[in-house]
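Here is the structure we will look at, set down as structure tokens.
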Amino acid sequence: MPDSVQNASALTADESPTTDHRVFGPSQTPTHPLATAPVGTPPFSVDGFVREFLHELNTNQGVALSRSSINDQYLALASTVRNYLMARWLETGGKPQENQPKVVGYLSAEYLLGRQLGNALLATDLADIAEKGLALCGIDLATLRNQEVEPGLGNGGLGRLAACFIDSLATMNVLCIGYGIRYEYGIFRQTFVDGRQVEQPDTWLQLGSPWEFPHPEASVKVNFGGHTETFTDADGVEKSRWVPGWNVLAMPYNYMVPGYLNGRVNTLRLWSAQATNAFDLQIFNSGDYAQAVRAQTFAENISKVLYPEDSTPQGKELRLQQQYFFVAASLHDFINKELEEGFDLHRLSERIAFQLNDTHPVIAVPELMRILVDEKGYDWDEAWDITSRCFGYTCHTLLPEALEVWPTELLGRLLPRHLEIIYRINEEFLAQVRKQFPDDELRARRMSIIAELPERGVRMAYLATVAATKVNGVAELHSQLLRDKVLPDFSEMYPDKFTNVTNGVTPRRFVRLANPKLSTLITDTIGSGWVTQLERLKELEPYADDADFRAAFREAKQWNKTRLTTLLKARDGIELPEGHLLDVMVKRLHEYKRQSLKLLHIVSLYEQVISGKIAASDVTPRTVVFGAKAAPGYKLAKETIHLINKVAEKVNADERLEGRLKVAFPANYNVTLAEKLIPAADLSEQISLAGMEASGTGNMKFALNGALTIGTDDGANVEIRKLVGDKHFFLFGMNEPQVAELGAQGYIPGDYYEKNPNLKAAIDLILSGYFSPSDQHMFDQVIYSLLNTDRFMALADFDSYIAAQAKVEQHYADQDAWTRSAILNVARSGYFSSDRSMRDYIQRIWHTSPVL
Ligand SMILES: *Cc1c(COP(=O)(O)O)cnc(C)c1O
């Protein structure tokens with residue numbers, strides 16, 4: 001350690017530089033050099049950085065460098081970067097102004113953010129300075145990066161999409177407040193015990209949370225329960241009002257959302273539940289201390305844990321409490337805190353566009369009506385006129401079981417006034433239906449927001465569709481199926497309401513940060529503009545024919561594979577062999593995604609080798625990597641994980657394969673792992689049954705990192721294939737109309753089993769107990785499902801999948817041809833930037849614009 005640094009480590013607060021840039025607010029003239037530094041210019045030299053870092057270490061962590069832990073160092077580094085962003089945040093995070101474009105209020109129950117440090121360093125261009133400065137202190141930046149526990153406040157694609165969107169809006173200079181829930185426990189940490197998934201709580205806050213700013217003084221009261229009563233107002237009009245039964249406090253935690261090198265910092269506001277004073281005071285006064293503490297716990301339960309359910313809703317009361325909790329706090333926050341006092345709410349839609357990320361926040365519709373009618377005194381029609389201009393609704397599914405329906409019994413108990421309001425919305429809506437389609441009572445019943453069977457419930461998707469200015473699906477195929485199959489009556493009634501916005505992913509995190517070698521190669525070749533204008537990747541196309549470029553591209557891929565090998569060895573004790581085709585299937589475990597189809601491919605290959613049908617030397621050296629969490633209550637999904645792990649055990653240990661087939665299943669797939677896995681992949685598995693995957697975003701991340709896709713004609717795969725070209729994409733399986741036809745005709749899995757001897761042998765091998773010697777029947781459920789009840793027709797696409805895999809192997813055998821295809825995948829996937837998605841939302845739905 002250099003002397004100067006040794007000395008610096010003893011710096012106290014008094015000796016530290018007087019560069020306190022936390023003192024001025026947006027209304028004051030910024031006098032600090034940081035605030036006026038040109039955009040993208042790092043605020044300090046390496047020396048300046050070291051001083052700031054040590055200052056944070058000494059004063060925030062209260063330790064000298066010589067005694068600091070890695071966690072101390074990580075927290076001090078985070079504070080240093082945060083402080084730089086702070087000046088910008090204070091500047092750009094002010095209240096929306098009369099002359100500013102409208103704000104996007106993104107309402108999402110999930111944000112799957114991933115680690116913050118790397119992104120903040122990138123956005124501020126501080127990575128190099130930090131690396132050098134830390135090196136002077138004898139600290140390795142990479143070690144500190146690894147110290148961060150990612151905030152896993154989402155399940156999968158839907159939550160990650162929200163995170164990509166807020167990144168893009170900040171980068172595009174569009175005002176946005178992301179609203180959500182600060183779960184104390186995010187998505188569970190997955191471990192494997194004897195191959196079975198075991199869930200551990202995600203204690204992401206335990207070692208400190210340097211990226212958030214709690215604002216207890218800005219807490220908002222959220223009411224629940226009680227009843228409604230009618231009364232006559234001063235004008236003699238009979239009205240209804242809510243007499244709540246209990247309430248909790250919603251405390252905001254603000255997170256910075258930095259744009260990429262543009263000086264904009266937007267806000268993500270996540271709400272945490274606290275007991276109100278009134279709540280426990282009453283009980284305290286009654287002398288029941290234990291009961292008072294229980295009350296506290298009860299209130300705080302609301303934001304305690306993320307429901308680990310993906311693509312299936314939880315009909316639980318606590319879940320509805322969570323939804324209303326964050327939505328009520330957010331609407332209150334925007335209307336009463338963000339808008340200037342006395343703002344005319346008739347013009348609310350000029351100031352904000354609320355986007356409903358799936359049905360989870362749809363209770364915002366009756367909540368806004370309640371605020372306008374009950375609190376602000378508007379009459380119903382005025383209130384509806386305002387409300388129906390403020391919301392856009394994004395639907396994320398085609399699975400009927402994934403559409404939320406809240407029992408009226410539950411909704412009425414928890415939110416009695418909201419249920420009344422929903423009934424009234426429905427009444428007026430159905431009157432309109434009957435007017436537009438007279439003598440069609442069946443239609444009115446079909447379209448009712450209130451379902452009667454199997455129990456009386458509120459169809460949240462219908463409520464959202466009725467209220468929203470626009471309803472969008474998330475890929476072209478999905479939006480079309482949404483119109484034709486999920487909401488046909490609504491698309492007939494409101495043809496102009498329906499639109500598509502194909503999903504995207506942020507190139508900052510998923511290319512620039514995750515794939516530094518490829519990023520450097522791209523920037524060296526076409527300049528750095530691609531990071532914010534991803535369509536410019538097109539300029540790489542000619543280089544697909546350039547042997548030197550291909551060699552450099554392969555080198556980057558190899559570097560990523562080596563990095564992954566090192567990581568998986570240390571993280572999971574997994575050994576990845578060298579020189580294999582890296583075949584990756586990472587996503588939530590779900591029947592519709594068909595991990596079992598991938599598994600049957602592996603078992604079939606294996607079975608053919610051990611039974612001598614093919615020689616091991618004929619197998620293309622391949623490593624299959626799975627990553628997937630199963631919802632804890634989803635038995636079949638968990639059994640599938642168990643089976644994959646058991647197959648991996650056998651396959652990896654069997655010398656008859658001569659090391660040419662390996663299966664790896666690192667536990668706890670999350671954003672951090674995705675960032676390492678995806679850049680290393682050669683082949684991307686996107687094999688859902690056509691018509692089931694709304695879009696997928698994993699598919700986009702892979703294509704952008706130069707993996708070729710083997711995929712069905714589903715979700716955004718359709719658009720990826722169209723753009724990259726059929727020659728560079730391995731299509732297989734039924735398309736959606738064929739699926740529908742087979743469904744109508746009756747899918748008989750046994751026929752496929754009987755007809756394909758390789759498939760039969762693979763299934764029989766599993767049934768024989770080969771992979772579960774201790775219990776022959778261990779995997780009967782998984783197999784029974786595939787052979788009998790599988791709604792997702794895995795066996796019907798098996799032949800076609802195997803044929804496509806043969807084409808993969810053929811193509812991979814010609815490394816030049818493969819690399820050419822990989823480069824073209826990158827060059828032609830610029831469309832899948834979430835910046836483009838945001839432009840589409842802005843034009844088609846929000847009608848806002850960047851601030852200058
Ligand atoms: C992108 C992403 C997803 C979504 O993957 P799909 O293949 O689109 O389902 C899920 N989880 C994580 C951690 C991701 O980064």
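The values are calculated or read from the model by the stated rules, or taken from the named source; none is laboratory data. Source: prediction; values computed, not measured. Here the Cβ positions follow ideal geometry from the backbone for every residue, glycine too, while neighbour counts run over all protein chains shown. Accessible surface areas use protein heavy atoms only, side chains included; no ligands, DNA or RNA. Shrake-Rupley method; radii C 1.70, N 1.55, O 1.52, S 1.80 Å.
Legend: distances between Cα atoms for LYS485/LYS638; LYS337/LYS376; LYS662/LYS722; LYS316/LYS587; LYS470/LYS538; pairs beyond 22 Å are LYS485/LYS638; LYS662/LYS722; LYS316/LYS587; LYS470/LYS538. Working note: Cα gyration tensor of the stretch 671-768, eigenvalues times five, square-rooted, sorted largest first, giving semi-axes of 28, 19, 12 Å. Distance between the modelled labels on ARG446 and PHE343, one decimal in nanometres: 4.1 nm (7 Å Cα→Cβ projection).
For the stretch 122-179, carbon and sulfur atoms together expose 50% of the accessible surface, with a 1.4 angstrom probe and every protein chain in place.
What does the helix-only formula give at 222 nm for the chain: each DSSP H stretch with n ≥ 4 adding -39500 (n - 2.57), the total divided by the residues, and the result rounded to the nearest 500 deg cm²/dmol? Working shown, then result.
On the way: 34 runs with 365 residues, N = 852.
Result for the chain, helices only: -13000 deg cm²/dmol.
Measuring with a 1.4 angstrom probe and ignoring ligands and nucleic acids, GLU555 comes out at about 130 Å² accessible.
With r as the distance between the Cβ atoms of GLN200 and ASP128 and R0 = 35 Å, compute the FRET efficiency 1/(1 + (r/R0)^6) and round to 0.05. Taking R0 as 35 Å, the efficiency between ASP128 and GLN200 is 0.45.
Pairs of Cα atoms nearer than 8 Å and 6+ residues apart set the relative contact order; for the chain it is 12 percent. In terms of the Cα gyration tensor, with a ≥ b ≥ c the square roots of its eigenvalues, is the stretch 427-474 rounded because a/c is under 1.5, prolate because a/b exceeds b/c, or oblate? Judged from the Cα gyration tensor, the stretch 427-474 comes out oblate (a/c at least 1.5, b/c at or above a/b).
Label separation (LYS613 vs LYS755): 1.6 nm, computed from points 7 Å beyond Cα along the C-beta direction. About the centre of its Cα atoms, the chain shows a dipole size close to 800 debye [charges on the beta carbon of Lys, Arg (+1) and Asp, Glu (-1) only; nearest 20 debye]. Once the Cβ-Cβ distance of ASP140 and ARG844 is raised to the sixth power relative to R0 = 56 Å, the FRET efficiency obtained is 0.75. Placing a label point 7 Å from the Cα of ARG563 along the Cα-to-Cβ line, the residues of the stretch 700-732 whose backbone N sits under 18 Å from it are 701-708.
Round to a whole number: what % of the accessible area of the stretch 242-362 belongs to carbon and sulfur, probe 1.4 Å?
Reported share for carbon and sulfur atoms: 51 percent.
In Å², what does the accessible area per residue of the chain work out to with a 1.4 Å probe?
Dividing the accessible area of the chain by its residue count gives 38 Å².
Taking all protein chains together and rolling a 1.4 Å probe, ILE386 ends up with roughly 0 Å² accessible. Spin-label pair GLN815-ASP381: with each label point 7 Å from Cα along the Cα-Cβ axis, the two points sit 7.5 nm from one another.
Sorted on the mean count of surrounding Cβ atoms within 10 Å across their residues, most packed first, peptides 772-784, 448-460 read 448-460, 772-784.
Given a Förster radius of 45 Å and the C-beta distance between ILE70 and ILE526 as r, what FRET efficiency does 1/(1 + (r/R0)^6) yield to the nearest 0.05? The computed FRET efficiency comes out at 0.75.
For the modelled label position 7 Å from the Cα of ASP799 along Cα-to-Cβ, which residues of the stretch 751-767 have backbone nitrogen atoms closer than 18 Å? What the label zone holds, given the 18 Å backbone N cut-off, is 751-763. Coordinate range of the alpha-carbon atoms in the stretch 385-537 per principal axis, descending: 66, 34, 31 Å.
The Cα atoms of the stretch 554-832 define a convex hull whose projected area, averaged across directions, is 13.9 nm². Surface calculation, 1.4 Å probe, protein heavy atoms: ASP546 sits at approximately 60 Å² accessible.
Enumerate the helices in the chain for which the Kyte-Doolittle hydropathy averages 1.0 or more and the C-alpha atoms extend at least 20 Å along the helix's axis, using complete DSSP H runs.
On the way: long enough: 70-92 (32 Å, -0.04); 157-171 (21 Å, 1.09); 317-332 (22 Å, 0.06); 416-436 (30 Å, -0.70); 547-572 (36 Å, -0.93); 595-610 (23 Å, 0.76); 635-653 (27 Å, -0.16); 798-813 (23 Å, -0.36).
Taking the DSSP H segments of the chain (at least 20 Å long, mean hydropathy at least 1.0), we get 157-171.
Annotation: amide H-H contacts under 5 Å for GLU693 (H modelled 1.01 Å from N, sequence separation of 5 or more, or interchain): GLY715.
Fraction of C-alpha pairs exceeding 53 angstrom in the chain: 15 percent, rounded to a whole number.
Where the accessible area of the stretch 554-832 is counted over protein heavy atoms with a 1.4 Å probe, how much of it, in %, is carbon and sulfur?
50 percent
Counting only protein chain heavy atoms and rolling a 1.4 Å probe, the accessible areas of ILE610, ILE363 rank, largest first, as ILE610, ILE363. Only beta bridges with both residues in the chain are counted; by DSSP, about 45 percent of them are antiparallel.
Cα-Cα pairs above 19 Å in the stretch 598-680: how many percent?
Values: 1479 of 3403 pairs.
When all Cα pairs of the stretch 598-680 are counted, 43 percent exceed 19 Å.
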